[in-house]
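Data block below; observations after.
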């Protein structure tokens, strides 16, 4: 009988140990392989009371009494964002800091920057989770992270001012995190403003708006987002933007595995105005100016209609491994116009002029270029690296030293364009191909158009 009981006890001990592991490591299943010996008795985990034990009467202290340790979940999981009831999420008036008469307040982190002056907040939050539908209006102050739970909708009314980051050091990591849905609907006269506590916000004062895994109808309309590290950070979500402006942000909007519909608005004063990765975007009439880079798309599908792209230090638009359809728009006075790399699609009806370097670069791209004005760019008007693309019906003239440069060894077809003149010999001198360098591919440019096709539009 004893021979039967002992193995059963051993099996029960081993099973109990692994069931304990499964409560922490679920859903991963860990199986032990190998020989087993006599199981060791379980180690009892104890915790000591804080502050030590009672005095021992000789100037010392007795050992601190033991107490049961908290569950492992409480030790491992962060407690910064406890679930709060709606009553706990009601507006809390913050203390009013003292203000010296005649002296504007300034940030402790940077005394040279002045804090914004305004009314007391109607809503004030510090590290909160919105578990029910909430409506914000007036002045809203946020310190830390406010999370919109998956089942909740945050509605922001017209004219609302949301200030993130607090008034102390070390509060840059303040942002709005949306798992549910956000609807911020301003008007042109009363837009919604997302900003920091500074009177003049700068990139990185706060983190921005993060929309994660939300395929609901998220909407930002007539909004201005400024001073954020990333104004809008969307991943695996669907977002509609109507007249939304990103100003002085590290990155205006970053869209990854997302679908975005954008009309109007744009980005200025950012390192990157809009960055797309593995996403689908429809951009209409955007104004992207004064950024380091305008729009960057990688492995994405981009439809761009109209809009103004100017004074961006590097490229106004850069695509890689993407599907693009660019219809209209103005790309002027940038470091470079459009760099289309390893992509496919079309470029038509655009004005590409006055850029410091090239107007259009095609590299490993099956792109149709037609009906564009490509003129007065400092470098080449059209620069190609191979023969995968084709150009016709364009006005290409008065660009740097060459209007078209073939930088590869393949033939490129550019028949039926207007080159600013009808003299074949003059046109040929402004095309860099095999006639100039025997190592380059040939450019087919005849027949040529005798009149500017765009002058008739």
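The values are calculated or read from the model by the stated rules, or taken from the named source; none is laboratory data. Keep in mind that what you see is a predicted model, and the values were worked out from it rather than measured. Glycine also receives a Cβ, built like all others from the backbone with ideal geometry; neighbour counts cover every protein chain displayed.
Quick look at the values:
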read-out	value
Index of the failed condition, residue 248 passing every other in (1) in contact (Cβ under 8 Å) with a residue 40 or more places away in the chain; (2) over 21 Å from residue 182 (Cβ atoms); (3) surrounded by 24 or more Cβ atoms within 10 Å (Cβ to Cβ)	(3)
Test: residue in the stretch 356-377 that is surrounded by fewer than 17 Cβ atoms within 10 Å (Cβ to Cβ), at pLDDT 95 or above and either within 18 Å of residue 291 (Cα to Cα) or touching a helix residue (DSSP H, G or I) at 6+ places or on another chain (Cβ under 8 Å) (or both)	yes
Out of 242, 217, 190, sole residue that is at pLDDT below 95, farther than 22 Å from residue 337 by Cα and surrounded by fewer than 24 Cβ atoms within 10 Å (Cβ to Cβ)	217
Contacts under 8 angstrom Cβ, first residue in the stretch 291-309 being on the phi > 0 side of the Ramachandran plot and in contact (Cβ under 8 Å) with a residue 24 or more places away in the chain, partner part of a loop (DSSP other than H, G, I, E, B) and buried (at least 24 other Cβ atoms within 10 Å of the Cβ), 6 or more apart	307/286; 307/329
Residue, farthest from residue 132 (Cα to Cα), within the stretch 144-158, restricted to residues that are surrounded by fewer than 18 Cβ atoms within 10 Å (Cβ to Cβ), in contact with a strand residue (DSSP E or B) (Cβ under 7 Å, 6 or more places away or on another chain) and free of Cβ contacts under 8 Å to residues at least 60 places away in the same chain	157
Subset of the stretch 109-142 (residues that are part of a strand (DSSP E or B) and within 22 Å of residue 220 (Cβ to Cβ))	123, 125, 128, 129, 130, 134, 135, 136, 139, 140, 141, 142
The stretch 391-421 - residue that is assigned to a strand (DSSP E or B) and surrounded by fewer than 17 Cβ atoms within 10 Å (Cβ to Cβ) and, of those, nearest to the chain's Cα centre (by Cα)	392
Looking only at the stretch 269-291, and only at residues there that are more than 15 Å from residue 315 (Cβ to Cβ) and surrounded by fewer than 20 Cβ atoms within 10 Å (Cβ to Cβ), the one that is nearest to the chain's Cα centre (by Cα)	277
Lone qualifier among 387, 294, 337 - being assigned to a loop (DSSP other than H, G, I, E, B) and in contact with a strand residue (DSSP E or B) (Cβ under 9 Å, 6 or more places away or on another chain)	387
Members of the stretch 422-444 found to be surrounded by 20 or more Cβ atoms within 10 Å (Cβ to Cβ) and assigned to a loop (DSSP other than H, G, I, E, B), listed by number	430, 433
